[in-house]
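The values are calculated or read from the model by the stated rules, or taken from the named source; none is laboratory data. Because the structure is predicted, anything quoted here is derived from the model rather than measured. Backbone-built Cβ (ideal geometry, glycine too); neighbour counts: all protein chains shown.
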Amino acid sequence: MEFEFSAEQQQLKDQVRRFLADRCDRNAVRAVLEGEQPFDRPLWKAMGELGYLGASIPEAYGGLGAGYLEACVIAEELGRAVAPVPFGSSIALAAEFLLAAGTEAQKQKYLPRVASGESIGTLALVEGTGRVTPASIAASVARAGESASLSGRKTAVADGDIADFAVVAARDASDASASSPRISLFLVDLQQAGIKRSPLATIDPTRSHAQLDFDKASAEPLGEPGAGLSIIEKVFDRAAILTAFEQLGGADRALEMARDYALERFAFGRPIGSLQAIKHMLADMYVSATLARSNCYYGAWALSTDAPELPTAAATARVSATQAYQHCSRNNIQVHGGMGFTWQFDCHLYYRRSNLLAVSLGPLSGWEDRLIERLRDQRAA
């Protein structure tokens, strides 16, 4: 199979890169890293006005309806710029949950505001360490007629301190004593009473996280009752590819930074890029980034065509992009030597983001297991 982005998509890529160079330079990123603002609100607003946030959202719901390939292009450029915006939470996750499981009324209510940047969504799933299973979810919803109230705690919620609403995974209160309860999804307005937000410190302050405590908060069912984990798996496959492109952009930029420094930094009268150890390090970085790009392109094709290979392509892209970004960001510091560890150089911005994205959709080991399982299923079919 051969795949390449079209000329129009390449033009979009160039346009987004110029936009981010103007609106999201290192000073803007560091202003969030070192300041009190959890994200770059003016940048997010501008992205909404230009239609970047609604690229994969249908026109009927306030988006551009351009498609997932355009969303992949935008995600890659955001990764290159280490943009401090909630793209992954609001677009790759919340919007996809609404598209996958929302009613027509829910889509009409939430998606136009997500596409414009007026509202920020997120996913509240994790409650502890380890893999998410029905037994690991203790948050529960009590139903009374048409109304439902949510109680429980969710931790490490990406952008939970700034989001306007959340997709929350919870069990039915009647299943409280069951070892394997049915898990359902709910839409929860985070502006209401009965919700406490506690910001959490992470390795990358430019992508904020929070603990959310719910005390009989009003909740709206999303999708079929008891189908929560199956919906999550479907949406994670789609979000994994968008996240992989963000990781790919970061890996490419880290490689470029290392290459440029190796060419301009002199030691013993010659550029350090001429030293064999540095050459091999850069070559390894290039190989890992190129492998990730190949797998990301395969994932983009599968996502844009909703191909049967999507689950396998998503796991492959996720694994290779995570490995590439961590490898390139780590070795970028090594190529820079002692200066690479300093606050003044930008190497740590990419190292921070690479480690945060590595666990944003669950740990790498979990995706490796999913890839093995899906390859086995393909072979057995």
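Numbers below:
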{"quantity": "Any hit, segment 345-368, residues being surrounded by fewer than 15 Cβ atoms within 10 Å (Cβ to Cβ), among the small types (Gly, Ala, Ser) and without any contact (Cβ under 8 Å) to a residue 60 or more places away in the chain", "calculated": "yes"}
{"quantity": "Test result for Lys154, touching a strand residue (DSSP E or B) at 6+ places or on another chain (Cβ under 9 Å), more than 20 Å from Leu222 (Cα to Cα) and in contact (Cβ under 8 Å) with a residue 12 or more places away in the chain", "calculated": "no"}
{"quantity": "Set Leu64, Leu111: member being of a type outside the set (Val, Ile, Thr), more than 15 Å from the chain's Cα centre (by Cα) and closer than 22 Å to Tyr297 by Cβ", "calculated": "Leu64"}
{"quantity": "Candidate set from segment 200-238 (those that are surrounded by fewer than 22 Cβ atoms within 10 Å (Cβ to Cβ) and among the small types (Gly, Ala, Ser)); member that is nearest to Ala358 (Cα to Cα)", "calculated": "Ala201"}
{"quantity": "Members of segment 265-301 found to be basic (Lys, Arg) and either at pLDDT below 95 or within 31 Å of the chain's Cα centre (by Cα) (or both), listed by number", "calculated": "Arg265, Arg270, Arg293"}
{"quantity": "So Glu77, is it buried (at least 23 other Cβ atoms within 10 Å of the Cβ), of a type in the set (D, E, K, R) and farther than 22 Å from Ala307 by Cβ", "calculated": "yes"}
{"quantity": "Failed condition for Gln108, given (1) surrounded by 16 or more Cβ atoms within 10 Å (Cβ to Cβ); (2) in contact with a helix residue (DSSP H, G or I) (Cβ under 7 Å, 6 or more places away or on another chain); (3) over 20 Å from Leu248 (Cβ atoms)", "calculated": "(1)"}
{"quantity": "Lone unmet requirement of (1) within 24 Å of Asp22 (Cα to Cα); (2) within 14 Å of the chain's Cα centre (by Cα); (3) in a helix (DSSP H, G or I) for Ala83", "calculated": "(3)"}
{"quantity": "Selection status of Ala163, more than 28 Å from the chain's Cα centre (by Cα) and within 21 Å of Phe97 (Cα to Cα)", "calculated": "no"}
{"quantity": "Hits in segment 296-340 - residues which are buried (at least 20 other Cβ atoms within 10 Å of the Cβ) and either basic (Lys, Arg) or not assigned by TED's automatic domain parsing to the domain that holds Leu375 (or both)", "calculated": "Arg318"}
{"quantity": "Of residues in segment 360-381 being farther than 19 Å from Leu93 by Cα and hydrophobic (A, V, I, L, M, F, W, C), the one nearest to the chain's Cα centre (by Cα)", "calculated": "Leu371"}
{"quantity": "Condition check for Ala75: among the aliphatic types (A, V, I, L, M) and not in a loop (DSSP other than H, G, I, E, B)", "calculated": "yes"}
{"quantity": "Count - residues of segment 111-153 that are within 19 Å of Val235 (Cα to Cα) and in a strand (DSSP E or B)", "calculated": "4"}
{"quantity": "Residue selected from segment 217-264 under the condition β-branched (Val, Ile, Thr) and over 13 Å from the mean Cα position of the chain (by Cα), by the criterion nearest to Asn332 (Cα to Cα)", "calculated": "Ile232"}
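One line per residue, one yes/no per condition, for (1) closer than 25 Å to Gln344 by Cα; (2) under 19 Å from the mean Cα position of the chain (by Cα); (3) assigned by TED's automatic domain parsing to the domain that holds Pro112:
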position: Leu12; (1), (2), (3): no, no, yes
position: Asp22; (1), (2), (3): yes, no, yes
position: Glu36; (1), (2), (3): yes, no, yes
position: Arg41; (1), (2), (3): yes, yes, yes
position: Gly54; (1), (2), (3): no, yes, yes
position: Ala71; (1), (2), (3): no, yes, yes
